[in-house]
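Right, one structure below, let's go through it.
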Amino acid sequence: TQLLEQSPQFLSIQEGENLTVYCNSSSVFSSLQWYRQEPGEGPVLLVTVVTGGEVKKLKRLTFQFGDARKDSSLHITAAQPGDTGLYLCAGANNAGNMLTFGGGTRLMVKP
Amino acid sequence: NAGVTQTPKFRVLKTGQSMTLLCAQDMNHEYMYWYRQDPGMGLRLIHYSVGEGTTAKGEVPDGYNVSRLKKQNFLLGLESAAPSQTSVYFCASSWDPRNTGELFFGEGSRLTVL
């Protein structure tokens with residue numbers, strides 16, 4: 001089983017602050033996805049990174065895939081209360097037919 | 001746009017009872033998945049299907065069975081519920097999970113086993 005560890009597990013910050021969430025593994029993934037989940041709903045895809053070293057930006061969110069494709073990070077600039085939620089990373093196995101999810105980072109942004 | 005629909009959304013069972021969770025998707029996706037979500041453990045794959053009539057075990061399959069008789073439906077069964085199966089269950093579907101495929105999730109089914 002490929003394991004993904006996310007850190008921190010919980011993060012409470014003030015509006016306007018920056019933050020980074022990490023997703024680490026000893027295994028290599030063919031791709032890695034980041035999802036965001038709000039209470040009472042299912043996760044929704046934010047981004048998929050495929051190439052080692054890849055950086056993708058989605059407005060105030062910056063996603064990076066490690067060179068060795070074992071880790072990833074999500075950086076949020078000037079966090080807003082609307083960013084509050086559970087952020088999950090998920091790595092695809094080599095066959096690409098299964099995703100392994102990390103334990104999640106629960107983010108709260110206070111106004 | 002219905003997307004992925006799960007029923008029921010809430011259920012309380014007594015230990016030893018059986019039940020079935022139904023997942024329906026209207027996006028003509030080949031791949032469907034059942035996950036369970038527990039605090040601090042993210043989503044763990046129970047079973048999945050790569051097409052009508054096929055099923056495969058995921059990370060935590062014990063105590064669960066599944067069936068995919070129709071392409072649009074994926075059923076998750078608990079034959080004899082145990083308190084350890086108290087969780088929130090999510091169904092997901094994908095058109096092509098290989099490498100970059102997006103998973104579309106339902107809203108979840110909260111199951112409590114007393």
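From the alpha carbon centroid of region B:60-114 to that of region A:24-90 is 23 Å.
Computed over protein heavy atoms with a 1.4 Å probe, the carbon and sulfur contribution to the accessible area of region B:1-71 reaches 51%. With only the Cα atoms considered, the protein assembly as shown has a convex hull volume of 116 Å³ per residue. In region B:60-112, a dipole from Cβ-located charges (positive for Lys and Arg, negative for Asp and Glu) runs towards its positive end, and of B:S67, B:S80, B:G108 it is B:S67 whose Cα lies farthest in that direction.
Shielding value for A:33-43 is 5, the average number of Cβ atoms from other chains within 10 Å of each residue's Cβ.
Here chain B is assigned +1 on the Cβ of each Lys and Arg and -1 on the Cβ of each Asp and Glu. Its dipole about the Cα centre then comes out at about 280 debye.
Quote the total accessible area buried by chains B and A together, excluding ligands, DNA and RNA, probe 1.4 Å, nearest 100 Å². List each step's numbers first, then the result.
On the way: alone 6340 and 6070 Å², together 10710 Å².
Between B and A, the summed buried area is about 1700 Å².
In region B:1-63, which GluC sites (Glu not before Pro) are in a loop and have at most 12 other Cβ atoms within 10 Å, using DSSP for the loop call? Spell out each step's value before the answer.
Numbers: sites: B:E30, B:E52, B:E59; in loops: B:E30, B:E52, B:E59.
Answer by residue number: there is no such site.
Using C-alpha pairs under 8 Å with a sequence gap of at least 6, the mean separation divided by the residue count of chain A gives a relative contact order of 36 percent. Peptide B:36-44 shows a mean partner chain C-beta count of 6 within 10 Å per residue C-beta.
Compare the Cα positions of A:A68, A:P43, A:M108 along the charge dipole of chain A (+1 at Cβ of Lys, Arg; -1 at Cβ of Asp, Glu; about the Cα centre) and return the one farthest towards the positive end. Checking the options against the dipole of chain A, the answer is A:A68.
With all protein chains present, how much of the accessible area of chain A (probe radius 1.4 Å) comes from carbon and sulfur, to the nearest whole percent? In chain A, the share of accessible area belonging to carbon and sulfur is 50 percent.
Averaged over the residues of peptide A:101-107, the number of Cβ atoms from other protein chains lying within 10 Å of each residue's Cβ is 4. Taking other residues whose beta carbon is less than 13 angstrom from the beta carbon of B:S80, and scoring Lys, Arg as +1 and Asp, Glu as -1, yields -1. Among the trypsin sites (Lys or Arg not before Pro) within region A:1-93, those in coil by DSSP and having at most 10 neighbouring Cβ atoms inside 10 Å are A:K59.
Considering only B:P8, B:S49, B:M27, the residue lying farthest towards the positive end of the dipole of chain B is B:P8, judged by Cα position with unit charges set on Cβ.
Skip the ligands, DNA and RNA, and give the accessible area per residue of chain A with a 1.4 Å probe, whole Å². Can you show the working numbers first?
On the way: 5210 Å² over 111 residues.
That works out to 47 Å² per residue.
Working from Cα pairs under 8 Å separated by at least six residues, relative contact order for chain B is 35 percent. Between B:L69 and A:Q80, how many nm apart are label points set 7 Å from Cα along the C-beta direction? Reported label-point gap for B:L69 and A:Q80 is 4.8 nm.
The values are calculated or read from the model by the stated rules, or taken from the named source; none is laboratory data. Quick caveat: nothing in here was measured; it's all calculated off a predicted structure. Counting neighbours? That spans all protein chains shown, and the Cβs are built from the backbone with ideal geometry, glycine included. What goes into the accessible areas is simple: the full protein's heavy atoms, side chains included, and nothing from ligands, DNA or RNA. Shrake-Rupley method; radii C 1.70, N 1.55, O 1.52, S 1.80 Å.
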